[in-house]
1. From the protein chains alone at 1.4 Å, what is the descending order of accessible area for 51, 250, 671, largest first?
2. Step through the table entries 418/734; 459/719; 205/348; 608/726; 348/505; 285/379, compare each Cα-Cα distance with 21 Å, and write down the pairs that go over it.
3. If a/c stays under 1.5 just call it rounded; otherwise compare a/b with b/c (prolate if a/b is bigger, oblate if not). Do that for the range 49-107, with a ≥ b ≥ c from the square roots of the Cα gyration tensor eigenvalues.
4. Would you mind calculating the relative contact order of the range 47-193 from Cα pairs under 8 angstrom and at least 6 residues apart, reporting the percent as a whole number?
5. Rounded to a whole number, what % of the accessible area of the chain do carbon and sulfur atoms account for, probe 1.4 Å?
6. Report the charge-dipole magnitude of the chain in Debye, nearest 20, computed about the Cα centre from +1 at each Lys and Arg Cβ and -1 at each Asp and Glu Cβ.
7. How much net charge surrounds residue 604 when only the other residues with a Cβ under 15 Å from the Cβ of residue 604 are counted, with Lys and Arg +1 and Asp and Glu -1?
8. With Rg and Dmax of the Cα atoms in Å as the read-out, I listed (1) 30.8, 100; (2) 26.9, 88; (3) 33.4, 134; which label goes with the value calculated from this structure?
Amino acid sequence: MEQQHDYERRSMVHSKKNVVQKSYLRLSNHIRTVFQRMWKGASYGALLMTMFLIFSIGFDFHTGLGKGIDILIFSLLSVLGTLVIFYIVKLFVKYLVKLPVFFIAALAVSVGLIIYTLDQFKSLENILPLAYLVAGIGLVIGGFLGYPIVHGMKRPSSIFMLAFGTLITAIFFYWLFTPGITEERLHVEQQTLSPVSENPSLPGKYDIKTFTYGSGTDKHREVFGEKVDVQTTSVNGSALIGDWSKLREMFWGFTDTNLPINGRVWMPDGEGKFPLVLMVHGNHKMEDFSDEGYRYLGELLASRGFITVSVDENFLNSSWSGSLGGDINGRAWMLLSHLKEIEKLSTKKQAPFYEKVDFENIALTGHSRGGQAAILAAKFNKLERYPNNAYKRFDFQYNIKSVIAIAPTDYHTIADRKIELNDVNYLILHGSYDSDLSEFEGDRQFNGITLTGRKNIMKAALYVDRANHGQFNTTWGDNDTYFPFTLLLNKKPLLDGKEQRQIAKTYVSGFLEATLHDDSSFVPMFEDYRYALEWLPSTTYINKYEDPSYHIFSDFEEDVDVSTASSPYLNMDAEGLLQWYEGELEFRRNKVRDNHGVFLKWDHAYSKNGSYTLSFKKLLENPYSFNKNSALTFTAGNVSDEEEVVMDFSIVATSENGESASVQISDVMSMHPVLPIQHTKTKFYEEARFGDPTEPVLQTFNIPMTTFMDQNSSFQPEKLTSIRFKFDESERGKLFLDHIGVNRR
């Protein structure tokens, strides 16, 4: 009886399965039949709709040949163009389907996953050429090496294929692991000027004390954990920081509501109070700690009388587990939180900061995102509330006198506005071979610092050829990106890491000596880098400079009229030039640079009398007037189309008595050449990722009036009536000119 029931149950289940299978077959057959009856009509429909779209454009397209001709042109384009492309694609698909399914699947998976993987690190438009290159190399190598596997090794063709495939593989991996290439390019020697100060990169007179302060609970570093010297409180940064993930919390053991205040300190061992310098790293893998990488600066500065702190903000860095929102705001606010904590510690007798800190002389130094965080911290320092969320109150108001930015970012805005600041000493260093920030973004921030003339301050920029991004930090090294992209970097032209850090030591230390120790003997090296060449490695340098003694009467920001200047008492004119126009200087990838000037292009094949003249409608008055102790100042850049152009020209100054004096620019300072940069070893990736091969960078020129007077003693600078840039030396070239004025130092 039981066996009969079991048989009936099995029969019922089997019957139900048959019903489902039959229903599925009927449905699939019905769909297949419908598709077979529709696919051809659908295909024609898609083609006809495409033709209709192209044809309809012709009704509102005007060639000037008449409406009938316009419609005829687009009729032909719509029909013939669509059909030609259709049959090309049809032919391609016809042969594609004949390829092995395994091959098509492997190719699709390979290209798809390569694009997806690379897209996690760089934007899609930047990585597509690289993705196709990598997949193509894999196809070629695999094809040659796979041939003998299929056909056996006994055939001569198999041996040839194996040998050739091995050769290609060897060449590829040799290319992949070699440092790169160095292209020959024009080099212009500059005269080394005798230093007027001591070498700021040399150790000073103080012995050094080192210690750390921190939470005492750090999970990964003993110096901020159980072996910390000074314990600090945590702070709540959740109002400025977002997207703190559970994985980040698991790694660090805290959230953005209790951020630790950790720092490595190098302190002069001596009596008295010392200026305070905070240094902060930029974005890097948070698991690879960055704060130790500035020891070389900490030790040097402490020996020269500066309390120096390397601030730990590794917990704000990126990770495989994700990035943070608002990290620049958080980095800036954390710097100020360190100042507040140090101020509190300086009142405690048992703390090493006790009565050691000169809070009237503070500097903030940052690298990469830390560079932008440093200037933003100086901005936050003056505010009472957080601009992006005003319920967050600020209570800082420290005397931050100087900000130093090393290869800074400049993408961040505050309340949808650029970061602008008045009257703060500002220094920026940037390398031409920076493969992380391949554009001189900090130059835009340089222009955002306004000198009102109320304080004796300065702003300076130094652009260093062959310096990269990472070697300013010993932890980061010469890899400006993550593996495997590092294998594509062209590292051969780079300065040695010690050489690059020698530049940082010289300029960071010298700037702090000038602005925090008030030693004016260091100022000339920022106005003219040639005063520091004796202490620097051999490469090309370009620098900009400004202080309150600079009075600019033409910055080209006023309007689109090429005949006017910032001053209403000035007229501009040109003659014999191929091009004369005002416009914006561009970065390598055409980003907004906020720097307008005049472009002047000449060619002696067109005219040997090319010139650009500034004429004064009336004699200049203070503070714009010249005297024998003043200098003509301007910034200029070589923007020639040809890299090998050696640029030289004359400047003719004329006074009211009709007397003129001419000075050749190369007798004052040689114009730097165009600097072509190749960041990677393959041009398939270079243009897509980095844009143009060159980027214009401006040099500040100062021509003393005494130089003109030496040429003609009758020339009267007090009664200057015109300044003429005369392009009579180089046969051809293109110049960008900006910030013309008087330096009344």
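The values are calculated or read from the model by the stated rules, or taken from the named source; none is laboratory data. Please read these numbers as outputs of a predicted model, since none were measured by experiment. Glycine also receives a Cβ, built like all others from the backbone with ideal geometry; neighbour counts cover every protein chain displayed. Calculation scope for accessible area: heavy atoms of the full protein, side chains included, ligands and nucleic acids excluded. Shrake-Rupley method; radii C 1.70, N 1.55, O 1.52, S 1.80 Å.
1. Working: 51 30, 250 130, 671 5 Å².
Sorted descending by solvent-accessible area, the residues read 250, 51, 671.
2. Details: 418/734 31 Å; 459/719 30 Å; 205/348 27 Å; 608/726 10 Å; 348/505 32 Å; 285/379 27 Å.
Violating the 21 Å limit, Cα to Cα: 418/734; 459/719; 205/348; 348/505; 285/379.
3. Details: a/c = 4.95, a/b = 3.99, b/c = 1.24.
Since a/c reaches 1.5 and a/b is larger than b/c, the shape of the range 49-107 is classed as prolate.
4. On the way: 69 pairs, mean separation 18.1, N = 147.
After rounding, I find 12 percent.
5. On the way: 20140 of 35900 Å².
On the chain, the fraction of accessible area on carbon and sulfur atoms equals 56 percent.
6. On the way: 75 positive and 89 negative charges, 818 e Å.
Using only the charged Cβ atoms, the result is roughly 3920 debye.
7. Details: positive: 601, 608, 726, 732, 734; negative: 575, 603, 642, 648, 728, 729, 731.
Combined, the nearby Lys, Arg, Asp and Glu give -2.
8. Calculated Rg and Dmax of the Cα atoms in Å: the matching label is (3).
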